[in-house]
1. Hey, for a label at K106 modelled as a point 7 Å past Cα toward Cβ, could you say which residues of segment 48-63 have their backbone N under 13 Å away?
2. Exactly which chymotrypsin sites (Phe, Trp or Tyr not before Pro) in segment 30-64 are in a DSSP loop and have at most 15 other Cβ atoms within 10 Å?
3. Straight-line reach only, C-alpha to C-alpha below 23 angstrom: list the lysines that K63 could link to, leaving out same-chain residues fewer than 8 apart.
4. For labels at A26 and A154 in the simple 7 Å Cα→Cβ model, what's the distance in nm?
5. Once you list every other residue whose beta carbon is under 12 Å from the beta carbon of G139, what net charge do they have if Lys and Arg are +1 and Asp and Glu are -1?
6. Compute the FRET efficiency between F86 and A38 as 1/(1 + (r/R0)^6), taking r as their Cβ-Cβ distance and R0 = 41 Å, and round to the nearest 0.05.
7. Within the P(r) computed for segment 89-130, what percentage of the Cα pairs occupies the region above 17 Å?
8. In segment 47-123, if the dipole is taken from +1 on Lys/Arg beta carbons and -1 on Asp/Glu beta carbons about the Cα centre, which of G52, S88, G68 is farthest to the positive end?
Amino acid sequence: MDRRMFLGASLAGAAASVIPSSVLAAFEITRTDAEWRAMLSRAEYKVMRREGTERAFSSPLDKNWAAGIYHCKGCDLPVYSSQHKFDSGTGWPSFWQSLPGAVGTKPDRQLLRVRTEVHCRRCGSHLGHIFDDGPQPTGKRHCLNGISLVFRAA
Ligand SMILES: [Zn+2]
């Protein structure tokens, strides 16, 4: 086994521990790891399929205040509306709610505290995390990676 194969196997093993196969199988749109790698850039793949986090203030969508809909980059499902976007000052696009039924969540224990991970309900692509310090009416802050989204102006 060469180094490249070894790294690939390690990554596959890590992913399996992050998202149980039973959860993956439940998604309407499924792609093999090779298919995801082929359709996404390295940075997109790392965030969307390995639950990475883009650098704060790196996404142009953070300061995008145009009216429109944000779609999942993995499957084009409309997931968030500009109507629910606010400036959290964190450097990541932030919303106080998703579009109805557009996202799924799960506990994320990657750090010592448990956070709520949020992903596209149709293809499972990682979008970001949900925190309880958002504005009314929900009090939630969906802290998203702009790299996981495609914006379409209304
Ligand atoms: Zn999706």
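1. 49-51
2. F57
3. Those lysines meeting the cut-off are K46, K73, K85, K140.
4. A separation of 3.2 nm, rounded to one decimal place.
5. 0
6. Efficiency for this residue pair is about 0.70.
7. The proportion of pairs with Cα distances above 17 Å equals 35 percent.
8. Final value for the positive-end residue is G52.
The values are calculated or read from the model by the stated rules, or taken from the named source; none is laboratory data. From a predicted model like this one, the values you see are computed outputs, not experimental measurements. Virtual Cβ from ideal backbone geometry, glycine too; neighbours counted across all protein chains shown. The accessibility values were calculated without ligands, DNA or RNA, using every heavy atom of the protein model including side chains. Shrake-Rupley method; radii C 1.70, N 1.55, O 1.52, S 1.80 Å.
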